[in-house]
Every structure is written in structure tokens, then in C-alpha cells.
Amino acid sequence: MECPAGCRHKHRDGDEYRDLLNRLSRIEGQVRGIKAMVEEERYCVDIMTQVMAVNSALNAFNKVLLSDHIHTCVVENIERGNLETVDELCGIIQKLMK
């Protein structure tokens, strides 16, 4: 599969890779559970409670990914003199905080 123009990659070590995939698998399971709740016509508040749990899990995933990004990609880019990465980081933090 080809990347669109401007596509970038980051190699992740085994532990980081497994942690991110495990988190995403749990989130995927939670979303499937919410779908089942809707199909079973479960009570709205119970469904919303599960949606809040998914949102919390996604926020936790983003925190881990952001920390990894800062410690690796951002540091490496700054060391290479690419200060544009700071603007990119500020932009993504602003979007995450909406």
C-alpha cells in the first residue's frame, strides 16, 4: 500500500508497539460493546457511561502517544535543527485540548 504525499513513518520498539496495539484492541472491544448495547436497546445512560469510558481510554492513548512523540520525534528533529517540529507540536496540543 502506497502512502499519500507527505506521509511520514516512525519505527516503534517492541514494547511501545505492543502497548499501543493492546490499548487500541481494548478500545475496539469497548466500541463493539457499545454497538451491542444499542442493538440490545439498552438504557441510554448505560450506553453513555460506556461512551465516556471509551473517550477516557482514547485520551489515555493520546497521552501515551504524545509523550512518546515528544521524547523521540520532537527531540530528534530539534537536534537536527528542525524547529518547525515545535510549531507542529503546539498545533497538535491545541487540537487535543479542544
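The values are calculated or read from the model by the stated rules, or taken from the named source; none is laboratory data. Nothing here was measured: the structure is a model prediction, and the numbers come from that model. Positions of Cβ are backbone-derived with ideal geometry, glycine not excepted, and every protein chain shown enters the neighbour counts. Note: accessible area is taken over every heavy atom of the protein model, side chains too, but ligands, DNA and RNA are not part of it. Shrake-Rupley method; radii C 1.70, N 1.55, O 1.52, S 1.80 Å.
Probe of 1.4 angstrom, ligands and nucleic acids ignored: what's the accessible area per residue over the range 1-61, in square angstrom?
83 Å²
Which residue, N62, N82, N22, has the most motion in a Gaussian network model of the chain that connects Cα atoms within less than 10 Å?
Among N62, N82, N22, the largest mean-square fluctuation in the Gaussian network model of the chain belongs to N82.
Taking the convex hull of the Cα atoms, report for the chain its projected area averaged over all directions, in nm².
Averaging across all directions leaves 8.7 nm² for the Cα convex hull.
If you average the C-alpha positions of the range 66-98 and of the range 23-58 separately, how far apart do those two centres end up, in angstrom?
Measuring centre to centre over Cα atoms gives 31 Å.
Chymotrypsin sites (Phe, Trp or Tyr not before Pro) within the range 1-91: which are DSSP loop residues with at most 15 other Cβ atoms inside 10 Å?
Those that pass, being in a loop and sparsely packed, are Y43.
Would you be so kind as to identify all helices of the chain, as entire DSSP H runs, whose Cα atoms reach 27 Å or more along the helix's own axis and whose mean Kyte-Doolittle hydropathy is at least -0.5?
The answer, listed by residue number, is 44-69.
Take the solvent-accessible surface of the protein heavy atoms, probe 1.4 Å, and return the percent of it on the range 27-98 that carbon and sulfur atoms account for.
59 percent
Of all GluC sites (Glu not before Pro) in the range 26-98, which ones are in loop regions per DSSP and have a Cβ with at most 15 other Cβ atoms within 10 Å?
When the GluC sites (Glu not before Pro) of the range 26-98 are filtered for loop state and at most 15 Cβ neighbours within 10 Å, E40, E41 remain.
Restricting to DSSP H runs of at least four residues, report the calculated mean residue ellipticity at 222 nm for the chain, -39500 (n - 2.57) per run over all residues, nearest 500 deg cm²/dmol.
That calculation yields -24000 deg cm²/dmol at 222 nm.
Along the charge dipole of the chain, pointing to its positive end and built from +1/-1 on Cβ of Lys, Arg, Asp and Glu, which listed residue (C73, G14, V51) has its Cα farthest out?
Of the options given, the answer is V51.
Among R23, R42, R12, which one moves the most in a GNM of the chain with springs linking Cα atoms closer than 10 Å?
Result for the chain, Cα springs under 10 Å: R42 fluctuates most.
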